[in-house]
Every structure is written in C-alpha cells, then in structure tokens.
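Trainee: I have a structure I would like to understand better, so I am pasting it below and will then ask my questions one at a time.
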Amino acid sequence: MDVKVATAGTDDAAHTSPYSIAHLRHVPQRHYGRWLAATLILLAFAAIVKAFAEGQIAWSVVAQFFTVPAILTGLANTVLMTVCAMLLGILLGVLFAVMVMSPNPVLKAVSVFYIWFFRGTPLILQLLIWFNLALVFPTIGIPGLFEARTVDVMTPFVATFLGLGINQGAYTAEVVRASILSVDAGQTEAAKSIGMTRLTALRRIVLPQAMRVIIPPVGNEVISMVKLTSIASVIQYSEILRNAQTIYYANARVIELLIVAAIWYLVVVTVLTIGQHFLEKHFSKGHGERSAQRATAPAAGGA
Amino acid sequence: MKPMVVAVDVHKHFGSLHALDGISIEVPHGEVLCIIGPSGSGKSTFLRCINQLERIDGGAIWVDGELAGYRRSGESLLPLSDKEIARQRLASGMVFQRFNLFAHLTALQNIIEGPVTVRKRPKAQAVDEAMALLERVGLADKRDAYPSELSGGQQQRVAIARALAMKPKLMLFDEPTSALDPELVGEVLAVIRDLATSGMTMIVVTHELGFAREVSSRVVFMDLGRIIEEGPPQEILVRPEQARTRDFIAAVLS
Ligand SMILES: Nc1ncnc2c1ncn2[C@@H]1O[C@H](COP(=O)(O)OP(=O)(O)OP(=O)(O)O)[C@@H](O)[C@H]1O
Ligand SMILES: [Mg+2]
C-alpha cells in the first residue's frame, strides 16, 4: 500500500500511476432492464386502453349519467356520511384513548372492552345489528325525558352513522393512544410544573403534538371510510354506489354506471389527499418548519 | 416567617430501590441552596418530590407553609386531587435538565401558555410580561422561534423565563447546564446568577462547583438518598469533613 502511494506522489510517473484517472471519460450507466420494462408496460397499457375503447362501453352514457340528480344525491350522501362517521370516530377515538390511559380502572376497563368488541366483529355485522335494533328494543329513549319507536329512530342514516363511527372509534383509539405515547413525557412534566392539571396538559400540550403523528394514519382511514360507506347499501342507505345500482337495475348499463361511481370516488379521494397534505403541514409546526427555514436561510442571507 | 420549604424524614422508593432515605431540611426565604452529589444519589428525585412530580411514600414536605399533596383531617392525611395539586405547584417553578420546552409553541407562546391557560390572565398583558422576561434573559429577538430553532443555551433561558412567568415563590433547577455544550453554560449560569441576586428562593442541583461556591448560601451533599453533609459553600466545597464528600469533590474537579 505504502509503495503504491509513494509511486502516485511522484510527478513524472503521473501517467503510469494507477491513481491518475482524471483524463478518463465518465460513461453514464446504461439501464437496459428499465427500457425493456417500460416498453412492456406501455404495450400492455395500450392494449388495455384499446380494449376499453373498443369494448362494450358506451362512454356517452357515462357522460350522460355523470351528473344526474340520483348520482349527485348519492355523492352528497357518501360525503356527508364520511364526514359524520369520521367525526364520531375521531371523537370516540380520543375519548377512549384518554380513558385507556386513565389511572381510573373502571374507565380503563370500559374502553379496553369497547376496543376489543368493535375491532373483533365484522363491520357489516355491526351495521345489521344497529339497523335491526328494533327487534331487541322496540322502543328506546331516556325514561321520563323522551321515548320513541326504534324503527323510527334507526333510519338507514342513523344506523350507518353509528355503525361506521363507533367501529372507526375503536381503530382511531389505538392510533391516538400510540400518538400520545410518542410525545415525550418531559412535555407533560413541564406542563404540570406550570400548574396544569393532567387533562389540561393533555389538551393544550400533548394532543396538539400528537396530531402530527395522528394525521397520516387517520388520513388513510378517512380515505378508507369514503369507500367503506358503500357497504351501507346493504341497509338501504342511498350512497353513491347504491344509487348507481338502482339506475342500472332499470337501464342495464352496469359498467357505465360503475365507471361513473368509480370516477366520483377517485375525485373525492383526490380532494381529501390534498387536504391531508395541508393539515400535515399545519400540525408539523416546530418540527417540519425547521428544515424549511434552514433551507431558505442561506438564500435570505445572500440577498 | 415560615421557611419556604420544610422536608421532614422524606422517603421515596422505586420498587426495591430506596431513592430517598429520610431527607430532612429547611430552606428559609431568599436562600440559594445548592445540592451536589454523585449520579443516582437522589438529587433529582428530591426536587421532583418538592413540586410533586413524584409522590413521596414517607415523611412530609411543606412548601410555602402548605403541606404538599395531602390535607389533614383529624388524625389522618387525605391525598389531594389532581386539581389541588396543580394549584400547589404554582408556588414553585421548575427548570429541567433537558429544557422540555413545548415543541409546538414558539418561545413567546411557551412563556404565555401558563399565565393565559392556568392563571387566566388577559393575553395582551401576558405578552407584555413575557416580552419583559425574554428581554431579561437576552432573547427578545427570538420571540417567534420554535424550540427546535434555538440552541440548547437559548432553550434553557426560555425555559427559565417560562417558569418565572408564573411568578413562583421558589425556583427549582435540576442540573440546568449539564445538557449544554461547554461554551453555552456561561449564558445560562449568568441568568441564574442574576435571579439569585434578585432575592428569589432557589434550590439548584448542579455539578458546577465554582458556580455553587459563588451563588449559594448553603451547599448540601447527598449520597445514596441521604444528606451526608451540609454547610456554607466555603466549608463543604473547600474543607469537607466527610470522606465521601472529599472523594466526590476531588472526582468532579479532576
Ligand atoms: N421513575 C423512576 N423509576 C425507577 N427508578 C428511578 C426513577 N427515577 C429515579 N430512579 C432511580 O432513583 C435513583 C435516584 O435517581 P435521581 O435521578 O434522583 O438521581 P440524581 O442524583 O438526580 O442523579 P443524576 O446526577 O444522574 O441526575 C437512581 O438510582 C435512579 O435510577
Ligand atoms: Mg438528576
């Protein structure tokens, strides 16, 4: 080794030394595999496009039904249910996550049971139970305050709302619990040292920081929820897929209406994905911003 | 006048570990007490018991004349609620080794959080006072910086301002400079020194023996959960009587 370095150091031996390679030309690496893969995929894609274009799909029918009232009402119901069920899910998720972590053993047991039960049974079964609750309890209410026939209260909307929201809560509770654990215990201690109670510290200091960890998985769950609402068609909630089905039962344009529904789902999910991006930015205050400011700092200094 | 802190035969266990083994001490108003001792001797634990981040399992502590964590009812002591403990904590401010600034809030927001949320002060007034405190610790220009954008020394100075914003009667410092790079230690000690001369009652756990000698009115040496020796800094730090104290001081200075 020493011998070779000594050779490289000698000036007149520059061209014979194995270390003088400055005169050589850099040749970019050739990715033959990539070209092959890209060609195959393009061919396959072209074949699929051709098949759909020549297939038995009347695209004019897709366009015609894209904005009919039944589809738009279905779309509105899908979005409304996603928002309502998700809000209920997040509310219950935070509530039960806090209860699981509570020092009170009764609260803890209740929420452990809740998570166990609703994560352990199929969603469609839960929906059917809510919808058929009248078979068990013909009337419901708070004695002395109000009372009603269960069939009147348990409309498809209410049953779907409870079914999806409560089920979602069980999953969100686990996400929230993990995110609370991800916040350093020193934050809670500092909050207590300036006189906050356990719950105030949770609300003002821990949860805002936990949001950063909560949003990506909950964003995913919102997107799942958009599509999950479609299973509510089994209990006659008129979301977009059910309304599309109602139309194609009448006119037999099955694929066209399914495509209409698919496009609307994609539109909603795309809008939500963009919204999630902005939420993530908002809640990364004090974390993500650092790199952003670091990146712009030299430019500002140079100006 | 009643002493600021009175601890009588305080015990604390972590499982089988006897972290505090009968600590008794009185801290009068205006005293600057420094606690020194080897790692694991229970210094942090004692501070954390004073402001009830840990519950003691024997003895009693009074802070500003109030029995900490318990209410006396006849012959029995009843534990206080979370809310009452939070109120008692207002008597003391705590500065942590690892700063623990609220990561999602700017320097200014960190400081006004307590006054606005806990003390229910009008925000404009809290901001004015917070700015005065930032001025005092030399960081007025960092009001809108997040903790992640501040150096360790700056974070610790904001943390001190945050504690002071609650107008505590007692300040507790747990090794406020030991997580700092050597060149940042001075700026934080300067702020604490300034506070000491202003007459604030303080308990400071520190390994900075020079600083202890300069600002403290009394030094306590702890080992294995006990107070081994205490006295004026000139005696404890220069002519300790106990062999363990001598060994510790020699080890720190070497
Ligand atoms: N939450 C805890 N659970 C279990 N053991 C603990 C806990 N906190 C402290 N201890 C133990 O109690 C003993 C005293 O710890 P303490 O942090 O008070 O020491 P210290 O004097 O502050 O040391 P250092 O100088 O390293 O900060 C140590 O043995 C430590 O491991
Ligand atoms: Mg310590």
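Trainee: What whole-number distance in Å separates the alpha-carbon centres of the stretch A:188-202 and the stretch B:122-137?
Mentor: 21 Å
Trainee: Along the principal axes of its C-alpha atoms, what lengths does the protein assembly as shown span, in descending order and rounded to whole Å?
Mentor: Per principal axis, max minus min of the Cα coordinates gives 104, 100, 49 Å.
Trainee: Could you work out how far apart the two model spin labels at residue B:16 and residue B:120 are, taking each label as a point 7 Å from the Cα in the direction of the beta carbon, and quote it in nm?
Mentor: Here the answer is 5.0 nm between the modelled labels.
Trainee: Along the Cα→Cβ direction, 7 angstrom out, place labels at residue A:282 and residue B:78. What is the inter-label distance in nm?
Mentor: Simple spin-label model gives 4.4 nm for this pair.
Trainee: Need one value for B:76-88: mean number of C-beta atoms belonging to other chains within 10 Å of its residues' C-beta atoms.
Mentor: For peptide B:76-88, the averaged partner shielding equals 2.
Trainee: Also: Any idea how far apart residue B:193 and residue A:40 come out in nm if each label point goes 7 Å out from Cα toward Cβ?
Mentor: The two pseudo-label positions are separated by 7.4 nm.
Trainee: Quick one: of A:285/B:167; B:120/B:169; A:192/A:281, which pairs are farther than 24 Å apart, Cα to Cα?
Mentor: Violating the 24 Å Cα-Cα cut-off are A:285/B:167; A:192/A:281.
Trainee: Which value in deg cm²/dmol, rounded to the nearest 500, describes the helix-derived mean residue ellipticity at 222 nm for chain A, given -39,500 (n - 2.57) per DSSP H run of n ≥ 4 and division by the residue count?
Mentor: The per-residue figure over chain A is -23500 deg cm²/dmol.
Trainee: With no solvent and one equal point scatterer per Cα, compute the Debye intensity ratio I(q)/I(0) for the stretch A:82-237 at 0.09 Å⁻¹ and report its log10, rounded to two decimals.
Mentor: Evaluating at q = 0.09 Å⁻¹ gives log10 I(q)/I(0) of -0.36.
Trainee: log₁₀ I(q)/I(0) of the stretch A:72-130 at q = 0.13, 0.22 Å⁻¹, via Debye over equal Cα point scatterers, no solvent, to two decimals?
Mentor: Log10 I(q)/I(0), no solvent term: -0.47, -0.95.
Trainee: Then there is this: What average count of beta carbons from other chains do you get within 10 Å of the Cβ of residues in B:103-113?
Mentor: That average works out to 4.
Trainee: Got the relative contact order for chain A handy, in percent, Cα pairs under 8 Å and 6 or more residues apart?
Mentor: Value for chain A: 22 percent.
Trainee: Among A:127, A:24, A:258, which one shows the biggest mean-square fluctuation in a GNM of chain A, springs joining Cα atoms closer than 10 Å?
Mentor: The residue that fluctuates most here is A:24.
Trainee: Also, I was wondering about something else. Which one, A:223, A:255, A:140, has the greatest fluctuation when you compute a Gaussian network model over chain A with C-alpha springs under 10 angstrom?
Mentor: Looking only at A:223, A:255, A:140, the largest GNM fluctuation is found for A:140.
Trainee: Pick out which of A:165, A:120, A:286 has the largest mean-square fluctuation in a Gaussian network model of chain A, springs linking Cα atoms closer than 10 Å.
Mentor: The residue with the greatest mean-square fluctuation here is A:286.
Trainee: Relative contact order for the stretch A:82-237: what is it in percent, counting Cα pairs under 8 Å that are at least 6 residues apart?
Mentor: Result for the stretch A:82-237 is 34 percent.
Values in this text are rule-based calculations from the coordinates and carry no lab data. What you are looking at is a predicted structure, and each value in this text was computed from that prediction instead of being measured. As a convention, Cβ positions derive from the backbone with ideal geometry for all residues, glycine included, and neighbour counts pool all protein chains shown.
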